[in-house]
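The values are calculated or read from the model by the stated rules, or taken from the named source; none is laboratory data. The model shown is predicted, which means the values in this text are computed figures rather than measured ones. Cβ: placed from backbone, ideal geometry, glycine included. Neighbour counts: every protein chain shown. Just so you know, the surface numbers come from the protein's heavy atoms only, side chains and all, with ligands and any DNA or RNA stripped out. Shrake-Rupley method; radii C 1.70, N 1.55, O 1.52, S 1.80 Å.
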Amino acid sequence: MKNFYINNLNINEEFVDFFLVKSISIRVGSNRKQYLDITLGDSTGEINGKKWDIADEEVYGLSRITEGDCVKIKATVSEWNGIRQLRVTKIRKAQKEDKLDMTDYIKAAPENPEEMYNYVYSRAESIGDDELKRMALRFLNESKEKLLYYPGAMRNHHAEQAGLIYHIKRMLMMGELACSVYTNLDRDWVVCGVILHDMEKITEILSNELGISPGYSFEGKLLGHLVLGVRKVSEMAKEEGISDEKAVMLEHMVISHHYEPEFGSPIKPMFPEAELLHYLDMLDAKMFDFEDNLAATAEGTFSERVRTLDGRMLYKPSFKKD
């Protein structure tokens, strides 16, 4: 049974336990000595660790540890720039006799993947515009197997098993509510845009069935999911006989939803459903970051600084919410 979970580790605490390797590399410091840089995870979150001054004879053993392995470590919790970090003193790869329960080590979306997929599929089926409906359903049908486990990111928001379909589902729920308030919006475009906007994360990100990503694909590194998504929408639209105007508008929704050039979008949204798509995406990402980081924060205290929220420390109230 796991004794120490990442969300419950305290500064200066020394412990021994198993964790899942999210990333690992051997680097050379400014003192020209080698050190291990490792990111470890469990069902509650992830944390970076360092093993300093690695001896040459340790390198071979450490090089056999890869992303997705479980390791047993001895470490002390420290703090650097307001963020917890592990100072690792011992590390070894887990063995069969350790009999680990992988549910302790996998971070997963809080809802059943099949049920989330069925919800998203039902919203696609309800699209009134036949061309948009065909596009949304084709993507869902072709990608079902991966959507049941694929993370929404390698790091940051929705970087968890079935995180991508969880992200899409919550965006759809908020998008349909927005359409009931802003009646000038065309619900069909909102629903189809949400379903397609991150479709090529499945190509951009590498992942195993545990939702653990070791990194980006060749195409992901060179092009990113926005460019890959535009290319995929274009191909699908031609095969489905979608009108040129609608095809280009769908491509525009994909390429513009990051909004700013520094985040990959060369152009900002130019019709209201595309604008809404951007804010639905941002809202769900930010709410995920708040929820995820506050889960690891004691009541009446502040969180560590959250890089994805501009380095803010978040406050968790001490009173009970009704």
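Out of the residues in segment 64-75 meeting the condition of being more than 23 Å from Gly211 (Cβ to Cβ) and either charged (D, E, K, R) or open to solvent by 40 Å² or more (accessible area, probe 1.4 Å) (or both), tell me which one is modelled with the lowest pLDDT. So that I can check it myself, show each step before the final result.
Going residue by residue through segment 64-75, those that are more than 23 Å from Gly211 (Cβ to Cβ) are 64, 74-75.
Then drop every residue that is not either charged (D, E, K, R) or open to solvent by 40 Å² or more (accessible area, probe 1.4 Å) (or both), which leaves 64, 74.
Details: Arg64: 89, Lys74: 94.
Ranking the candidates gives Arg64 first.
Residues that are more than 21 Å from Glu260 (Cβ to Cβ) and either surrounded by fewer than 14 Cβ atoms within 10 Å (Cβ to Cβ) or without any contact (Cβ under 8 Å) to a residue 12 or more places away in the chain (or both) within segment 282-300 comprise Glu291, Ala295, Ala298, Glu299, Gly300, listed in sequence order.
Evaluate segment 304-320: report whether one residue or more is on the phi < 0 side of the Ramachandran plot, open to solvent by 50 Å² or more (accessible area, probe 1.4 Å) and hydroxyl-bearing (Ser, Thr, Tyr). It would help to see each step written out before you state the result.
Taking segment 304-320 first, the residues on the phi < 0 side of the Ramachandran plot are 304-309, 312-320.
When the remaining residues are screened for being open to solvent by 50 Å² or more (accessible area, probe 1.4 Å), the result is 304-305, 307, 312-313, 315-316, 318-320.
Checking which are hydroxyl-bearing (Ser, Thr, Tyr) leaves us with 315, 318.
Looking for residues that are on the phi < 0 side of the Ramachandran plot, open to solvent by 50 Å² or more (accessible area, probe 1.4 Å) and hydroxyl-bearing (Ser, Thr, Tyr), one finds at least one in segment 304-320, hence yes.
Looking across Glu46, Glu13, Glu58, one residue alone is over 29 Å from Arg312 (Cα atoms) and of a type outside the set (Val, Ile, Thr). It is Glu58. Of all residue pairs spaced 6 or more apart or on separate chains, those with beta-carbon atoms under 9 Å, a first member in segment 46-63 that is without any contact (Cβ under 8 Å) to a residue 40 or more places away in the chain and surrounded by 15 or more Cβ atoms within 10 Å (Cβ to Cβ) and a second member that is of a type in the set (Asp, Glu) and outside any helix (DSSP H, G or I) are Asn48/Asp37; Gly49/Asp37; Lys50/Asp37. Take the conditions under 30 Å from Lys74 (Cα atoms), more than 23 Å from the chain's Cα centre (by Cα), open to solvent by less than 40 Å² (accessible area, probe 1.4 Å) and modelled with pLDDT under 95 and apply them to Ala94. Does it pass? Considered against the rule, which asks whether it is under 30 Å from Lys74 (Cα atoms), more than 23 Å from the chain's Cα centre (by Cα), open to solvent by less than 40 Å² (accessible area, probe 1.4 Å) and modelled with pLDDT under 95, Ala94 comes out as yes.
Against the numbered list (1) closer than 16 Å to Met135 by Cβ; (2) of a type in the set (A, V, I, L, M); (3) open to solvent by less than 20 Å² (accessible area, probe 1.4 Å), Ile255 comes up short only at (3).
Under the condition of being touching a helix residue (DSSP H, G or I) at 6+ places or on another chain (Cβ under 9 Å), of a type in the set (A, V, I, L, M, F, W, C) and either open to solvent by less than 50 Å² (accessible area, probe 1.4 Å) or under 28 Å from Thr301 (Cα atoms) (or both), the residues counted in segment 1-37 number 5. May I ask you to say which residue of Gly193, Gly211 is more than 20 Å from Tyr149 (Cβ to Cβ), small (Gly, Ala, Ser) and surrounded by 23 or more Cβ atoms within 10 Å (Cβ to Cβ)? That would be Gly193, the only listed residue that is more than 20 Å from Tyr149 (Cβ to Cβ), small (Gly, Ala, Ser) and surrounded by 23 or more Cβ atoms within 10 Å (Cβ to Cβ).
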